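Engineer: The structure is given below, and queries will be raised subsequently.
The values are calculated or read from the model by the stated rules, or taken from the named source; none is laboratory data. Model, not experiment: these values are computed from the prediction. Neighbour counts run over all protein chains shown; Cβ positions are idealised from the backbone, glycine included. These area figures cover heavy atoms from the full protein model, side chains too; ligands, DNA and RNA do not enter into them. Shrake-Rupley method; radii C 1.70, N 1.55, O 1.52, S 1.80 Å.
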Amino acid sequence: MHNAESILGSSGTYGYEKCESYFLFQGEMALGNGLRAFLYLLGLAYCFFGLSAITARFFRSMENVVKQTRKVVEIDHNTNTEVIRHEKVWNYAIADITLLAFGTSFPQISLATIDAIRNLGQIYAGGLGPGTLVGSAAFDLFPIHAVCVVVPKAGELKKISDIGVWLVELFWSFWAYIWLYIILEVWTPNVVTLWEALITVLQFGLLLIHTYAQDKRWPYLSLPLARTERPEDWVPVEASLDKLDNNDYSEILQLSEEDNIVDIFSIHSEKETGPLYQPVSNSDVAESSNMNFHNKSVLQDFNVFTVWKHQFMDAVMLENPESRKLDNTYLRLARGTWQVILAPWRVLFAFVPPCHIAHGWIAFICSLIFISGIAYIVTKLTDMISCVTAFTALASGTSWPDLVASKIAAERQTTADSAIANITCSNSVNIYIGIGIPWLIDTTYNFIAYREPLRIENADGLSFSLLIFFLTSIGCISVLVLRRLTIGAELGGPRIWAWITSVYFMSLWIVFVVLSSLKVSDII
């Protein structure tokens, strides 16, 4: 079982003079603690590189999922012809919660669920404790905001387009931790009942319904706040073309331009310049479909395997056109060495299918599997570091995908909606799903087998951690509002003010960490 305090970053140390655990081989225990800690830290850093790379692939696959459309055929009664239009399948606000926030929180959810299944039959809950989830929330709120605020180019402003949706997401994020306090400190101290676990999980559905109602401005369920419409595209076409690396898209773009095919993978290209509504007669539609179906299928299969082959070729290449342009031998050597170091990750992630297959769903699922696997290794390494050096991990490796995904969203999207929604909604997902599902599994089993609730051993100190979290959160949200009122955006702006804001957010995180650690150590 993992040491929860070292996984998600509250505090927790080992007091053994000799660590009796090992990561891969029992012979590791013969090495000195200093050497073991150094090797584990190197492994941890290497895993962070891998998490960053696969999270970027996850984000690209999500772009293709979100841009998916469905064909709607209507009859124009004036001309008696068919009018074909394409509607977005995904609502962007819901996509930010169910795909982005849920996806980046998937490591916590999967690890906690697996641990709950292994814990069946135990009276006491295992896995991640309430205090560690508060530590994870602090990491999501402060360091990730600190990174996102400086990501836009100097002077570029990125603001939340729908303040109402953000306020709804923010409410459910804070309510999640208030609810955690109520069930563990007020209603049934240190105990979780079956009904409490069930209500916890159901609140994720309420979050989705409330967010959708706010986005659609349903009467009585939405805040009467004005909004600026989000762009038509979840990620602008310019960003997609400029910032995607070659191993996914170069040959697709080349083949599509040469063959005049803009819909190779059944995804409606955003480069189309034609009208959204196009009258097409029945005969024209049938004739067009019959003529192009076979050729289009052949091109699709050809391009899929071509791009996939290109991924593996690019993964083993130590030099690219950019590195060949470098005149400095030492820089070329350094770049080549870096490519060698990253080559195992590049080859491994080349097995993820191209993002254009099946609207990106296959790449999306494969990326989540890789993210969870690497996150599991990160938690094991974190445990080993804590074991051999009494080191407290202040930031969880399983929260690293949250940081990378929000950073990419802040870079590539024209608004701040997804970047900030991922921060606030990840905290909600961690409670409603990440801890709710494991609790529901264990409480259901205990209720059927023993007629007993689930007991929580490590709920002590939750009140203090929540108090510090809420106080520092007020400082964080207040600065976001102040930036909106003064410079007109939550992210970006003049470089000096962006860096000042970033340092301020990191300071809030340090305050939370120091005070929580002092409380756990019984110093305060």
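Engineer: Quick check: residue separation of residue 507 and residue 167 times 0.36 nm, minus the Cα distance between them. What number comes out in nm?
Structural biologist: 120.0 nm
Engineer: With a Cα-only, solvent-free Debye model of the range 67-169, what are the log10 I(q)/I(0) values at q = 0.13, 0.14 Å⁻¹?
Structural biologist: -0.80, -0.86
Engineer: Cα gyration tensor of the range 152-196, axes a ≥ b ≥ c as square roots of the eigenvalues: rounded (a/c below 1.5), prolate (a/b > b/c) or oblate?
Structural biologist: Values: a/c = 5.23, a/b = 3.33, b/c = 1.57.
Note, shape of the range 152-196 comes out prolate.
Engineer: Given 0.36 nm per residue, what is the gain on full extension from residue 49 to residue 29 after removing their alpha carbon distance, in nm?
Structural biologist: Answer, rounded to one decimal: 4.5 nm.
Engineer: Taking H placed 1.01 Å from N in the peptide plane, check which residues at least 5 places from residue 191 or on another chain put their amide H under 5 Å from its amide H.
Structural biologist: Under 5 Å from the amide H of residue 191: 456.
Engineer: When the Karplus curve 6.51 cos²θ - 1.76 cosθ + 1.60 is applied with θ = phi - 60°, which whole-Hz ³J(HN,Hα) does each residue of the range 472-485 get, with x for Gly and Pro?
Structural biologist: Result, rounded to whole Hz: 5, 5, 4, x, 5, 5, 4, 5, 4, 5, 4, 5, 5, 6.
Engineer: OK, next. What ³J(HN,Hα) values, in whole Hz, does the Karplus curve 6.51 cos²θ - 1.76 cosθ + 1.60 give for the range 26-40 when θ = phi - 60°, with x put for Gly and Pro?
Structural biologist: So the Karplus estimates, Gly and Pro as x, are 5, x, 4, 5, 6, 6, x, 4, x, 5, 4, 4, 5, 5, 5 Hz.
Engineer: Between residue 69 and residues 5 or more places away or on another chain, which pairs have amide H atoms under 5 Å apart, with H built 1.01 Å from N, and which residues are they?
Structural biologist: 89, 268
Engineer: Still on this structure, please answer the following. Which sequence of 382, 486 reflects their accessible areas, 1.4 Å probe, from the largest down?
Structural biologist: 486, 382
Engineer: Using R₀ = 60 Å, calculate the FRET efficiency as 1/(1 + (r/R₀)^6) where r is the Cβ-Cβ separation of residue 467 and residue 414; round to 0.05.
Structural biologist: 0.95
Engineer: Ordering 356, 210 by accessible area with a probe of 1.4 Å, largest first, what comes out? Write out the running numbers ahead of the final one.
Structural biologist: Numbers: 356 25, 210 55 Å².
Result, largest first: 210, 356.
Engineer: Now, a different point. Given N residues in the range 403-524, what is its alpha carbon radius of gyration divided by 2.2 N^0.38 Å?
Structural biologist: Details: Rg = 19.1 Å, N = 122, 2.2 N^0.38 = 13.7 Å.
Rg over 2.2 N^0.38 Å, computed on Cα atoms: 1.40.
Engineer: Under the rule a/c < 1.5 gives rounded, and otherwise a/b versus b/c splits prolate from oblate, where does the range 70-120 land using the Cα gyration tensor? Kindly include the intermediate steps, with their values, before the conclusion.
Structural biologist: Values: a/c = 7.72, a/b = 3.98, b/c = 1.94.
Prolate.
Engineer: Of the chymotrypsin sites (Phe, Trp or Tyr not before Pro) in the range 402-489, which ones lie in a loop per DSSP and count no more than 14 other C-beta atoms within 10 Å? Write out the running numbers ahead of the final one.
Structural biologist: Numbers: sites: 432, 439, 445, 447, 450, 464, 469, 470; in loops: 450.
Answer by residue number: 450.
Engineer: Here's something else I'd like to know. Note the full-extension length gain between residue 124 and residue 340 as 0.36 nm times their separation in residues minus their Cα-Cα distance, in nm to one decimal.
Structural biologist: Gain on stretching residue 124 to residue 340: 73.1 nm.
Engineer: While we're on this one: Below 8 Å between Cα atoms, with a sequence gap of 6+, how large is the relative contact order for the range 78-237 in percent?
Structural biologist: Relative contact order, the range 78-237: 28 percent.
Engineer: Now for a separate question. Check residue 81: other-chain or 5+ apart residues with amide H under 5 Å from its amide H, H built from backbone geometry?
Structural biologist: The answer is 76.
Engineer: What distance in nm separates the two pseudo spin-label positions at residue 369 and residue 185, each 7 Å out from Cα along the beta-carbon direction?
Structural biologist: 4.2 nm
Engineer: Please turn the phi angles of the range 141-157 into ³J(HN,Hα) values with the Karplus equation 6.51 cos²θ - 1.76 cosθ + 1.60 (θ = phi - 60°), one per residue in order, whole Hz, x for glycine and proline.
Structural biologist: 6, 8, x, 6, 4, 4, 6, 5, 5, 9, 5, x, 4, 4, x, 7, 10
Engineer: If you count only protein heavy atoms and use a 1.4 Å probe, how large is the accessible surface of residue 407, to the nearest 10 Å²?
Structural biologist: Residue 407 exposes around 70 Å² with every protein chain in place.
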